[in-house]
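K.L.:
If you scroll down you'll find the structure; I have some questions about it.
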Amino acid sequence: MANPIDRREFLKLAGRGAAPCSPQDSQAAPAWPARRAKTSISSSCPTRIGGFKGPALNPDADGTLQKAVASVNTLSTQPDFIVFTGDLTHTTDDPKERRRRLAEFKDIVSKLNNKNVRFMPGEHDASLDNGQAWKELFGQSYYSFDHKGVHFIAIDNVSDPAARIGAEQLAWLKADLDKQAKDAPIVVLTHRPLFDLMPQWDWATKDGAQAIEMLMPYRNVTVFYGHIHQEHHHQTGHIAHHSAKSLIFPLIAPGSKAKREPIPWDPAQPYRGLGFRAVEENAAKITEYPVTKA
């Protein structure tokens, strides 16, 4: 790997083996109250362990997650915690193989030096068995927690194969939000976007509007999601939604073609469009990091 990255390099997106990111790769985040301790997060979305076959897309499909783990481990300043926003494995109809792939993913990420890691399912992990295998290996598929004065909510919009959060979970979300002050800093973590990005591409949550309606009274809300294999930024009122890049292959921009399709692998830029994200609360910055060569 490249030499360890110091804090200045980390914030400037230094990376070997991928082109530097452009200015739009750093986006403004909500101005959370300065009195709160700084919170930093590193997040990653689709890794799709097991079963993925596509050398024209990423011939290093089995190695990219390990490279991302190694890249995070080189950081001299570690994030407060790390979150994987779903599609940890590739879809399989075999329940035994599904569990094996989830266990393989869990073993790989156990090599992270930072042991404060949060997990969420994607539809590839959970939609064929309503999240049963996921819960066996990772626990509850939706939950909330507090960290340094920030309230985090993980929403499961994938275990239901119809791409719904569902009435039971929405009731839980309302009860959880009712405990928060209207000016509380709230971060929502989900796999599918809560808004209708491209419903015809399955880039939406059928009852996501209900979740957004519940969040609207809260003045400091940010949503981070995965699923679409690219960086994307959207506003619903005052709520900002940000997606992260994939660790398997990038997808084309929403609506750029009639059908959703991957961006072909380019041997001259083998990790183009792949990476992980760092978020710093007091820096009011979201930064995308490229995956680097071994």
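The values are calculated or read from the model by the stated rules, or taken from the named source; none is laboratory data. What you are looking at is a predicted structure, and each value in this text was computed from that prediction instead of being measured. When we count neighbours, we look across all protein chains shown, and the Cβ atoms used for this are built from the backbone with ideal geometry, even at glycine. SASA here: full protein model, heavy atoms, side chains in, ligands and nucleic acids out. Shrake-Rupley method; radii C 1.70, N 1.55, O 1.52, S 1.80 Å.
K.L.:
For region 91-103, give me the residue count where each residue is under 23 Å from Leu189 (Cα atoms) and either open to solvent by 40 Å² or more (accessible area, probe 1.4 Å) or aromatic (Phe, Trp, Tyr) (or both).
P.N.:
2
K.L.:
Search region 160-205 for residues being assigned to a helix (DSSP H, G or I) and among the polar types (S, T, N, Q), and hand back the single one that is surrounded by the fewest Cβ atoms within 10 Å (Cβ to Cβ).
P.N.:
Going residue by residue through region 160-205, those that are assigned to a helix (DSSP H, G or I) are 167-177, 199-201.
Next cut, among the polar types (S, T, N, Q) only: 169, 200.
Details: Gln169: 19, Gln200: 11.
Restricting to residues being assigned to a helix (DSSP H, G or I) and among the polar types (S, T, N, Q), the top hit is Gln200.
K.L.:
Same structure again: Does Val117 satisfy the condition of being within 16 Å of Ala244 (Cβ to Cβ) and in contact with a strand residue (DSSP E or B) (Cβ under 6 Å, 6 or more places away or on another chain)? Walk me through it before giving the result.
P.N.:
Values: within 16 Å of Ala244 (Cβ to Cβ): yes; in contact with a strand residue (DSSP E or B) (Cβ under 6 Å, 6 or more places away or on another chain): yes.
It is true that Val117 is within 16 Å of Ala244 (Cβ to Cβ) and in contact with a strand residue (DSSP E or B) (Cβ under 6 Å, 6 or more places away or on another chain).
K.L.:
Quick one: Pro79 ticks every box in (1) open to solvent by 10 Å² or more (accessible area, probe 1.4 Å); (2) closer than 18 Å to Lys245 by Cβ; (3) not in a loop (DSSP other than H, G, I, E, B) except a single one, so which number is it?
P.N.:
Single failed check for Pro79: (3).
K.L.:
I would also like to ask the following. How many residues, within region 236-253, are open to solvent by 40 Å² or more (accessible area, probe 1.4 Å) and closer than 22 Å to Asp202 by Cβ? Before the answer, list the steps.
P.N.:
Step one: list which residues in region 236-253 are open to solvent by 40 Å² or more (accessible area, probe 1.4 Å), which gives 237-238, 253.
Cutting the leftovers down to closer than 22 Å to Asp202 by Cβ gives us 253.
So the count comes out to 1.
K.L.:
Here is a further query. With the requirement that a residue be open to solvent by 20 Å² or more (accessible area, probe 1.4 Å) and either under 25 Å from Asp125 (Cβ atoms) or in contact with a Lys or Arg (Cβ under 8 Å, 6 or more places away or on another chain) (or both), what does region 213-232 give you? Let's see the steps before the verdict.
P.N.:
Here is the first cut: in region 213-232, the ones open to solvent by 20 Å² or more (accessible area, probe 1.4 Å) are 213-214, 216-217, 219-220, 230-232.
Within region 213-232, Met214, Pro217, Arg219, Gln230, Glu231, His232 qualify.
K.L.:
Then there's this: Identify the single condition in (1) under 25 Å from Thr205 (Cβ atoms); (2) in a helix (DSSP H, G or I); (3) among the aliphatic types (A, V, I, L, M); (4) open to solvent by 40 Å² or more (accessible area, probe 1.4 Å) that Ala133 does not satisfy, given that it satisfies every other one.
P.N.:
Against the list (1) under 25 Å from Thr205 (Cβ atoms); (2) in a helix (DSSP H, G or I); (3) among the aliphatic types (A, V, I, L, M); (4) open to solvent by 40 Å² or more (accessible area, probe 1.4 Å), Ala133 comes up short only on (4).
K.L.:
Just a yes or no: is a residue in region 106-116 in contact with a Ser or Thr (Cβ under 7 Å, 6 or more places away or on another chain) and outside any loop (DSSP other than H, G, I, E, B)? It would help to see each step written out before you state the result.
P.N.:
Narrowing region 106-116 to residues in contact with a Ser or Thr (Cβ under 7 Å, 6 or more places away or on another chain): none.
No, the conditions are met nowhere in region 106-116.
K.L.:
Moving to a separate point now. Just the residues that are assigned to a loop (DSSP other than H, G, I, E, B) and modelled with pLDDT of 85 or more, please, taken from region 43-76. Steps first, please.
P.N.:
The initial filter retains those residues of region 43-76 that are assigned to a loop (DSSP other than H, G, I, E, B), namely 45-48, 50-63, 74-76.
Thr74 - this is the single residue of region 43-76 that is assigned to a loop (DSSP other than H, G, I, E, B) and modelled with pLDDT of 85 or more.
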